[in-house]
Amino acid sequence: MGTSPERRPRREPDTGTGTPPPADEPGRPRGVSRPHRSSARGGGDQAVPREPGRGHRRGRTSTPTRPATVAGRRRRAGLLAGHHPTLVTRPAGEPELDGADDPPDGPGRRRLALAALVAAAAISAATLVAALPAWVPGHTDKAAAERPLTAAQADRVAALRVTNLRDVRAGVRVTVGADAARTELVGWVDWARPLVYLDVGGPGAGADRGLVQAVASALLVRPDPAALPTPARPPLVPPADRWRLRDPAGGHGLGAVRDLLIGLGADRVDRPAADGRWLRRDQVDGVPVDVLQAPLAPLGGRPALWVDADARLHRLTGRLADGTPVTVDLIRADRPALRAVDALGGRPGQPRALTDDEAARLATLPARLRALRGASVDVAAPLGPSADLRATGTVNWTSPSAYLVVVEEGSGRRTLRWVRPDRVAEVRHPPDGPASLPTPMPPALLAAPTRPPGDDLDRLLDAALRAARHAPGATARVREDRLGDRTVDVFELPGNRRLWLDRGGLPRRMELRTRPGVWIRLDLTPGSGGPSAPPR
């Protein structure tokens with residue numbers, strides 16, 4: 001009776017290691033290994049005849065196993081690698097082991113197998129990459145972000161303004177607003193003085209395009225409509241002319257930027273933020289930082305702060321008081337010594353006590369002034385956006401009196417001013433009149449009513465006249481400087497005044513600090529006295 005052929009069990013690949021066969025293999029004593037092909041007669045690729053008396057397994061014949069072909073060995077290797085076996089039916093309908101009678105693989109079959117391997121490798125690589133954690137700087141894993149600050153991070157935020165003051169100064173890049181309304185500022189901030197020095201540009205700069213210097217109480221601009229749209233580092237030695245005092249509007253514009261930059265320095269540690277958040281790790285110019293969100297004194301809300309491990313701020317983003325977005329980058333390696341314009345105090349100095357020679361020069365100053373009789377004077381007084389004053393004239397220390405023509409730039413208004421100790425007379429001078437000081441003194445000025453010294457120019461001229469009567473009080477030397485071709489010593493006098501004295505003991509400049517913190521100056525050329533006037 002015929003039976004349908006049954007699929008034979010898969011033959012285990014012969015590894016040639018002599019491993020004992022399974023215990024349930026029929027016809028072989030336990031512990032007796034199957035002979036390796038290489039040890040059989042006829043070489044390594046000959047089949048090993050069955051041992052007599054072992055009997056037949058179900059579905060097998062007594063025909064010896066065919067020699068394995070190269071293709072058959074490839075199929076068996078594929079089985080070990082996990083591929084599904086392909087059964088080949090013999091002509092008599094008997095299934096044979098995969099590869100026993102197959103012809104060698106053709107090129108098309110090899111290409112298909114290679115393509116399948118490449119596709120599997122690509123899928124595995126994509127799965128691996130998707131499973132990797134994000135490590136790129138700036139990439140945020142939501143599971144790791146938006147957590148409260150640790151105590152150490154809160155302390156770093158509290159200390160960053162003190163750290164700025166300790167570092168003295170830094171370069172800055174500021175962006176205010178966005179798109180066509182964007183204003184860009186490049187320069188420096190000196191927290192120790194404090195002083196801000198910037199070049200203003202960008203599409204939204206408008207009339208502010210040019211240079212800016214500012215202290216905590218005053219802001220000066222030097223407009224330059226022809227400047228390039230993109231700002232650059234300002235010149236380290238600022239131009240001496242065309243500076244205008246700006247009345248900064250609170251909460252926005254240049255005044256808000258000035259307040260923000262100066263406010264980033266403080267002499268005491270802030271209170272640690274109780275509601276700060278850690279956002280992510282990042283890098284700024286190769287420096288590892290933590291991006292933290294916490295309140296900061298110069299800004300409202302909770303700006304984002306890029307702070308390194310030493311409590312140094314490298315970047316912040318937030319909003320000004322009027323809601324305008326602002327970004328500040330601090331370039332901590334760019335920190336040259338800054339020179340303020342004369343109206344903001346000039347070069348920095350180190351006040352010290354007087355030497356004996358300096359004290360002697362100051363003690364003999366009143367006698368020297370009276371011996372000179374007088375000097376010609378030029379005045380520069382930035383008193384407001386439309387009230388910058390220029391004055392020329394003479395001062396006479398023997399009268400004592402001062403006589404000047406004062407021009408208010410912007411409006412073109414001119415006046416003649418006659419100043420004596422505690423008394424000032426003033427009359428209008430025609431705009432189309434001579435630019436020089438009229439001599440002799442007009443009768444209208446001699447007959448004009450007098451008033452006490454009023455504005456800062458009156459106060460400076462009154463102090464210059466009194467210098468011929470009394471020697472300065474407690475005085476400190478601020479610095480050495482140059483005025484024209486002369487070396488001078490700059491002395492700080494009582495009453496917010498300064499005196500520039502050359503090495504021969506002659507005064508070359510007198511200055512007075514105004515209430516907004518701006519210095520107005522009186523430049524002197526000794527040897528020329530003013531017109532005498534009858535005492536009144």
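The values are calculated or read from the model by the stated rules, or taken from the named source; none is laboratory data. All values reported here derive from a predicted model rather than from experimental measurement. In this analysis, Cβ positions are derived from the backbone assuming ideal geometry, glycine residues included, and neighbour counts consider all displayed protein chains. Ligands, DNA and RNA are excluded from the accessible area calculation, which covers all protein heavy atoms including side chains. Shrake-Rupley method; radii C 1.70, N 1.55, O 1.52, S 1.80 Å.
Any chance you could count how many residues in the range 261-290 are open to solvent by 30 Å² or more (accessible area, probe 1.4 Å), part of a loop (DSSP other than H, G, I, E, B) and either closer than 19 Å to Ala152 by Cα or basic (Lys, Arg) (or both)?
The number of residues fulfilling the criteria is 7.
Could you grab me the full set of residues in the range 424-471 that are in contact with a Ser or Thr (Cβ under 7 Å, 6 or more places away or on another chain), open to solvent by 30 Å² or more (accessible area, probe 1.4 Å) and within 20 Å of Ile520 (Cβ to Cβ)?
Glu426, Leu437
Which pairs have Cβ atoms under 6 Å, sit 6 or more apart or on different chains, and link a residue in the range 214-243 that is in contact (Cβ under 8 Å) with a residue 12 or more places away in the chain and farther than 16 Å from Pro203 by Cβ to one that is among the polar types (S, T, N, Q) and open to solvent by less than 70 Å² (accessible area, probe 1.4 Å)?
The qualifying pairs are Leu220/Gln213.
Go through the range 188-229 and report how many residues are of a type in the set (Val, Ile, Thr) and touching a Phe, Trp or Tyr at 6+ places or on another chain (Cβ under 9 Å). It would help to see each step written out before you state the result.
Quick first cut of the range 188-229, residues of a type in the set (Val, Ile, Thr) only: 189, 196, 200, 212, 215, 221.
From what is left, the residues that are touching a Phe, Trp or Tyr at 6+ places or on another chain (Cβ under 9 Å) are 189, 196, 212, 221.
Final tally of qualifying residues: 4.
Can you spot a residue in the range 372-385 that is without any contact (Cβ under 8 Å) to a residue 60 or more places away in the chain and over 17 Å from Arg521 (Cβ atoms)? If you could, list the steps in order and put the result at the bottom.
Of the residues in the range 372-385, the ones without any contact (Cβ under 8 Å) to a residue 60 or more places away in the chain are none.
Scanning the range 372-385, I find no residue that is without any contact (Cβ under 8 Å) to a residue 60 or more places away in the chain and over 17 Å from Arg521 (Cβ atoms), so the answer is no.
Using beta carbons and a limit of 9 Å, which pairs, at least six apart or on different chains, have the first residue in the range 167-192 and closer than 20 Å to Gly318 by Cα and open to solvent by 50 Å² or more (accessible area, probe 1.4 Å) and the second one of a type in the set (Gly, Ala, Ser) and not in a loop (DSSP other than H, G, I, E, B)?
Qualifying pairs under 9 Å: Arg173/Gly187.
Taking the range 245-255, which residues are more than 16 Å from Ala205 (Cα to Cα), open to solvent by 50 Å² or more (accessible area, probe 1.4 Å) and not charged (D, E, K, R)?
Start the filter on the range 245-255 by keeping residues that are more than 16 Å from Ala205 (Cα to Cα), which leaves 245, 247, 250-251.
Right, trim to open to solvent by 50 Å² or more (accessible area, probe 1.4 Å) and you get 247, 250.
The one that is more than 16 Å from Ala205 (Cα to Cα), open to solvent by 50 Å² or more (accessible area, probe 1.4 Å) and not charged (D, E, K, R): Gly250.
Of the residues Arg258, Arg242, only one is in a loop (DSSP other than H, G, I, E, B), charged (D, E, K, R) and either modelled with pLDDT under 95 or surrounded by 18 or more Cβ atoms within 10 Å (Cβ to Cβ) (or both); which? Spell out the reasoning first.
On the way: Arg258 fails: in a loop (DSSP other than H, G, I, E, B).
Of Arg258, Arg242, the one residue that is in a loop (DSSP other than H, G, I, E, B), charged (D, E, K, R) and either modelled with pLDDT under 95 or surrounded by 18 or more Cβ atoms within 10 Å (Cβ to Cβ) (or both) is Arg242.
Residues Pro225, Pro235, Pro229: which one is in a loop (DSSP other than H, G, I, E, B), modelled with pLDDT of 95 or more, open to solvent by 30 Å² or more (accessible area, probe 1.4 Å) and not basic (Lys, Arg)? Spell out how you get there, then give the answer.
Working: Pro225 fails: modelled with pLDDT of 95 or more; Pro229 fails: modelled with pLDDT of 95 or more.
On inspection, the qualifying residue turns out to be Pro235.
If you scan the range 454-499, which residues turn out to be farther than 17 Å from Trp519 by Cβ, among the hydrophobic types (A, V, I, L, M, F, W, C) and part of a helix (DSSP H, G or I)?
Leu465
So is Glu480 touching a helix residue (DSSP H, G or I) at 6+ places or on another chain (Cβ under 9 Å), acidic (Asp, Glu) and either free of Cβ contacts under 8 Å to residues at least 24 places away in the same chain or surrounded by 21 or more Cβ atoms within 10 Å (Cβ to Cβ) (or both) or not? Please lay out each step first, then the result.
Numbers: touching a helix residue (DSSP H, G or I) at 6+ places or on another chain (Cβ under 9 Å): no; acidic (Asp, Glu): yes; either free of Cβ contacts under 8 Å to residues at least 24 places away in the same chain or surrounded by 21 or more Cβ atoms within 10 Å (Cβ to Cβ) (or both): yes.
No, not satisfied.
Test of understanding: among Gly412, Gly323, Gly349, Gly384, which residue is open to solvent by less than 70 Å² (accessible area, probe 1.4 Å) and touching a Leu at 6+ places or on another chain (Cβ under 7 Å)?
Just one listed residue meets the conditions, Gly384.
Given the conditions (1) in a strand (DSSP E or B); (2) over 51 Å from the mean Cα position of the chain (by Cα); (3) not small (Gly, Ala, Ser), report the number of the one that Val407 does not fulfil.
Exception for Val407: condition (2).
So Arg368 ticks every box in (1) touching a residue at least 40 places away in the same chain (Cβ under 8 Å); (2) within 30 Å of Pro303 (Cα to Cα) but one. Which box is left unticked?
(2)
What do you reckon, is Arg335 under 26 Å from Leu195 (Cβ atoms), in contact with a Phe, Trp or Tyr (Cβ under 9 Å, 6 or more places away or on another chain) and surrounded by fewer than 18 Cβ atoms within 10 Å (Cβ to Cβ)? Explain how you work it out, then say what you get.
Numbers: under 26 Å from Leu195 (Cβ atoms): yes; in contact with a Phe, Trp or Tyr (Cβ under 9 Å, 6 or more places away or on another chain): yes; surrounded by fewer than 18 Cβ atoms within 10 Å (Cβ to Cβ): yes.
Yes.
Out of (1) at pLDDT 95 or above; (2) not in a loop (DSSP other than H, G, I, E, B), the odd one out for Ala360 is which?
(1)
Considering only the range 367-388, state which residues are closer than 17 Å to Asp462 by Cα and either among the aromatic types (Phe, Trp, Tyr) or not in a loop (DSSP other than H, G, I, E, B) (or both).
The initial filter retains those residues of the range 367-388 that are closer than 17 Å to Asp462 by Cα, namely 369-370, 373-381.
Correct list: Leu369, Arg370, Gly374, Ala375, Ser376, Val377, Asp378, Val379, Ala380, Ala381.
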